[in-house]
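Just below is one structure, and these are the notes that go with it.
The values are calculated or read from the model by the stated rules, or taken from the named source; none is laboratory data. Worth saying up front: this structure is predicted, and the values here are computed from it rather than measured. Counting neighbours? That spans all protein chains shown, and the Cβs are built from the backbone with ideal geometry, glycine included. Side chains included, ligands, DNA and RNA excluded: accessible areas come from the protein's heavy atoms. Shrake-Rupley method; radii C 1.70, N 1.55, O 1.52, S 1.80 Å.
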Amino acid sequence: GLSHSCAITIERDLQCWGGNSSGQLGLGDTANRGDGAGEMGSALQTVDLGAGSYVVQVAIGHSHTCALLDNGNVKCWGDNSKGALGRNNMTHIGDGASEMGSSLAAIDLGTGRRALQIGAGDRFSCALLDNGAVKCWGYNGYGQLGDTTTTNRNVPTSVSTLSSGVQSISVGWEHSCAVLTSGAAKCWGRNNEGEVGDGTNTNRSTPVAVVGLLSGVTSIEANQSLSTCALVVGSNVKCWGHNGQGQLGDGTTTNRNTPV
């Protein structure tokens, strides 16, 4: 994240350390961990997500954290100033006593729905559901929730046109991407640096096709440096977006709004 990190242990528990100004470590306080002696190792507490809960994936955002549990539930904590915790309020969670564990309810993803994958960015979160749909919640200033608006949402909202057929998702700092079961790639959200890959620099509040990637994509990574990369059948890697430090790997430092 911006200032904190997490790891899933062999026992499938969760441990987090670093900055904790909004309770993003999930330890019931706002004290940082790892910046002083005696705070790591056996002294580092496990995040309490409730009895019998096992973590299969963790998503670390700007200053919040989400965990996907083995039963398909999603729980989030930390900064909730834009609704990134999906709790229908703007109250931080994890920065005070008795807010975690059994007190932390799972996010309502819809009747009978389970999450298969989660992602977190700058004060927003997304989940791929078991029916192939995508839902997002939180900050939406660039359209990164994909619901055709730029309105913040403190409960999950459906990503437009992605009600089924999604294979995987990836959440960057202020944009998101999906790989469809057809092998096509679509992205949405902030596009100032061309990170959506549709040949423009226009922010997109609905998913748009990435130029030239209509099939053959096996995975995608929307990252926090405002760029995106995809692995395409044939072991080719294509990237687009911000390139100020050469992160697109095309031998230049020129931003690209289509894959190279």
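In this structure Asp70 has an accessible area near 80 Å², from a 1.4 Å probe over the protein heavy atoms.
For the chain, what class follows from the C-alpha gyration tensor (a ≥ b ≥ c being the square roots of its eigenvalues): rounded when a/c is under 1.5, otherwise prolate if a/b is larger than b/c, else oblate? Note, shape of the chain comes out prolate. Scaling the Cα radius of gyration of the stretch 154-260 by the globular reference 2.2 N^0.38 Å produces a ratio of 0.98. The orientation-averaged projection of the convex hull spanning the C-alpha atoms of the stretch 150-194 amounts to 3.8 square nanometres.
Roughly speaking, what % of Cα-Cα pairs in the stretch 1-87 are separated by over 19 Å, rounded to a whole number? Counting pairs separated by more than 19 Å, the tail of P(r) holds 33 percent. Taking the average, over residues, of other Cβ atoms within 10 Å as the packing measure, peptides 193-201, 101-109 rank 193-201, 101-109 from highest down. Sort out for me the Cα centre separation of the stretch 191-227 from the stretch 137-165, rounded to whole Å. Using only Cα atoms, the two centres lie 16 Å from each other. Label sites at Met90 and Ala7, each approximated as a point 7 angstrom past Cα along Cα to Cβ, lie 3.7 nm apart. When each of the peptides 33-41, 114-122 is scored by how many other beta carbons lie within 10 Å of its residues on average, the order from highest to lowest is 114-122, 33-41. Pairwise Cα separations in the stretch 52-167 fall into 5 Å bins from 0 onward with the following percentages, short to long: 2, 13, 24, 26, 20, 9, 4, 1, 0.
Based on alpha-carbon atoms, the Kirkwood radius and the radius of gyration of the stretch 1-45 give Rg/Rh equal to 0.94.
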